[in-house]
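The values are calculated or read from the model by the stated rules, or taken from the named source; none is laboratory data. Please read these numbers as outputs of a predicted model, since none were measured by experiment. Neighbour counts are summed over all protein chains in view; Cβ atoms, including those assigned to glycine, are modelled from backbone coordinates with ideal geometry.
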Amino acid sequence: MIKNYVKIAWRSLINNKVSSLINIGGLAVGITIVLFNGLWVWDELSFNKYHENYDRITQVISSGTDPKDGPFVNNSLPYPLATALAEDYKDNFSHIVRASWVQEYILSAGEEIISRKGQFMDEGAPEMLSLKMKQGSRSGLNDPYSIMLCESAAKALFRDADPVGRLVTMNNKTQLKVTGVYEDLPLNSQFKDVKFLSAWKLWEMQNDWIQKRALNDWNNNFIRLYAEIKPGMDLATVNKNISNAMQENIRGMEKFKAQVEQKVTVSLYPMSRWHLYPNNIRSSGTSPLRMVWLIGIIGIFVLLLACINFMNLSTARSAKRARETGIRKALGSMRKQLIFQFYSESFLVVTFSFILACLLVIIFLPAFNHLAAKEMKMLWGNIYFWLISFGFIFITSLLAGSYPALYLSSFKPIKVLKGTYQAGRFAVIPRKALVVMQFTVSVALVICTLVIYRQVNFAKDRPVGYTREGLLMMEMKSADFRGKYDVLRTSLLNTGMVAEMSESMGGVTEVVSSNEGFDWLGRDAAKDESMGTLAVTHEYGKTVGWQFIAGRDFSREFAGDSSGVVINEAAAQYMGLTQPVGETITWKWRDNAPYPYKILGVIRNVVMESPYKPVKPTLFFVKALNGNVNWINIRVKPGVSMSQGLSKIEEVFRKLIPSAPFDYKFVDEVYAAKFATEERFGTLVAFFSILAIFISCLGLFGLSSFTAEQRTKEIGVRKVLGASVLNIWYMLSKDFAMLVIISLLVAMPVAYYFMQNWLDNFPYRVTLSWWVFAVAGLGAMLITIMTISVQSIKAAFMNPVRSLKADS
């Protein structure tokens, strides 16, 4: 019996090739999209689950409320807090791990020289992170002069040789022994950039200022601190136990009174929240959690569009099978057999669509991974994947097959065979409502795509206060760079390819240092927040391309410039100085006496941090006090071929600093990376929008084809009576065009509401313009008319003789 049902269902599909192709193809595309969508959401939700102790790993943070600056959260902490937690609260933790910030270092072994990002951590880190060891053991950081490499870094340094026990030189200075090789961490791990681990004790030895002045300094926030709570311990309980860890240690100490006033609380931020719930309360842009929700909802709606197509075409075609149903019932078929038959056909179509969708995912997953910057794989071994898939097949088959199964099977055979069966004037209303829903979703997605790209381009076009093109920067990762500024600059300028060179503390695209303790004439007592500080050499402004509003740049001709500063517009406005040039700013850095600086010039705001946020008030000064420079900035001459210029620049560096790799970055590329999250989000939405429109048009094509087929005789009569092709086209198109207009009226306010909420996350943002909605609406209408016209014009040109002979 079941075999017979399947055979009949197969014949029905073969006999209605166009309808079957639209049904199976449209649904397969929808399922493909939702599978891609689901894999992306699953990857986001499984972030950091690579680590076995995922549910017990935490990052220690401090939070409080500054009387002047409001709430704050710090993940950069003072050294003595780590000591206090390890000694006074050790019963709560399996591991307390101190860590440096992730930075790039030069690693060399023999003739191989590479540059990789790494971190210095306490010896318990490999065990806490449950690193999968390829060679060696997780106890590899017990020796201060040890290093653990990820598999790819070990391969780059030692090829196929066994790296364990061999020596690696870090930054051409310190020799370390390889004690282990671990599997590269996946992209959905917060530690994905860590390509090697070295001992925290070594970092302390390399930075002797820690022993001299940081061991008991609660004002100096410079380390990251991770903790793994003991099995069976409750996170809320541990948070309660350690909340006053800082307050108890600094109570009664006058020099730490700021933390007392701010009521600083210590807490643990669980790894399960690191990715989706960033703890930076002042962040702007698209949050990961918001992206997961939006992409997930879009995926559900795209699948809904495909299901609507399937149900619309299934119900439309089922009316033509009324006579078949009547014959079957006249020959003795029971109603339950007919019901099962229609459900079998529906199940067969959905199953074919699902299989085709899986094949499409396998084919296009590498491209989608590149688009989404992921390493996703099909979840063949995941029980949830199969449960959801079977559930989807069952529910979609049930919904799409319900109309023909339950409605057509109830007909009286004699009425159907006499031709007196009529579907009723209200039969098309559900189909029209579903078409409206389809285009509402599609148009809303198009509007969202346009707004996202407008916001990204708005930020990209924002004046940045300097010229990015032709500007390179290199981090000085080795001590071999020190003391060679003059000879490097002279040699580079002599190549004829370089316009200028300078050094700075931090790259051009970031503010790495902020300080407090500034004072100036007429300062408002309430204005005591930190300002960005950047130590530079005299030629920095010429290299970067500062744009001066007032005053002048640093000059080596004036010895007093070592006590001068150049400030940006934001700093001048913040300080309330109408004529800032010549004014004096005093700066009390740490325990030093206040040091006076004279304002030499004011530059246009330089966008160094997020392009979506206001520019931070920033002071630039010639390297002094804490002004250790660690970046080289090079301006290639305009008109010079970049490949030729880089070749000459590399020759200079190979000659003067042969021990360091020529590792440079284009400033415009680094700046462009700041838009990566929003651009990727926009690309995903655009990708889903295009396919949503395709699915909607596919359904519209099928329905217009069915409508034209139903009205074949009517079209023939109208043509005999003198109707033109334009008349016929208008008659067949107007109903569908009206449905799209209704969908526009629904989609536009919905899209406006959601996009306005999304834009509210950006302090520097575009406004929602009317033309965005107009373009989306006109585009949708144009696509609709083109889709409908294919069938309408074909029907209008049909020979009336054939139309009148057609058996409808």
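Within the range 134-176, the only residue that satisfies the criterion of being in contact with an Asp or Glu (Cβ under 6 Å, 6 or more places away or on another chain) and at pLDDT below 90 is Asn172. The condition of being of a type in the set (Asp, Glu) and under 31 Å from the mean Cα position of the chain (by Cα) holds for Glu127. Restricting the range 148-195 to residues that are under 17 Å from Ser108 (Cβ atoms) and of a type in the set (Ser, Thr, Tyr) leaves a set whose member that is surrounded by the most Cβ atoms within 10 Å (Cβ to Cβ) is Thr169.
Results for (1) crowded, with 16+ Cβ neighbours inside 10 Å; (2) over 22 Å from Ile632 (Cβ atoms); (3) of a type outside the set (Phe, Trp, Tyr), shown as yes or no for each residue.
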position: Val508; (1), (2), (3): yes, no, yes
position: Ala525; (1), (2), (3): no, yes, yes
position: His538; (1), (2), (3): yes, no, yes
position: Asp553; (1), (2), (3): yes, no, yes
position: Trp587; (1), (2), (3): yes, yes, no
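In the range 42-86, the qualifying residues are those that are modelled with pLDDT under 90 and of a type in the set (Asp, Glu), and the one that is surrounded by the fewest Cβ atoms within 10 Å (Cβ to Cβ) is Asp69. Annotation: of all residues in the range 667-691 being touching a Gly at 6+ places or on another chain (Cβ under 9 Å) and of a type in the set (A, V, I, L, M, F, W, C), the one that is farthest from Val34 (Cα to Cα) is Val667. Just to be sure, is Phe310 of a type in the set (Phe, Trp, Tyr), crowded, with 18+ Cβ neighbours inside 10 Å and either within 42 Å of the chain's Cα centre (by Cα) or at pLDDT below 85 (or both)? Yes; evaluated as a whole, the condition is true for this residue. Where helices (runs of 4 or more DSSP H) sit wholly within the range 482-575, those with at least 2 residues that are aliphatic (A, V, I, L, M) and in contact with a Ser or Thr (Cβ under 8 Å, 6 or more places away or on another chain) occupy 569-575. Looking across the range 661-691 at every residue that is among the hydrophobic types (A, V, I, L, M, F, W, C) and more than 30 Å from Met476 (Cα to Cα), the one that is nearest to the chain's Cα centre (by Cα) is identified as Phe681. Scanning the range 196-218 for residues that are part of a loop (DSSP other than H, G, I, E, B), surrounded by 14 or more Cβ atoms within 10 Å (Cβ to Cβ) and not charged (D, E, K, R) turns up Asn207, Trp218.
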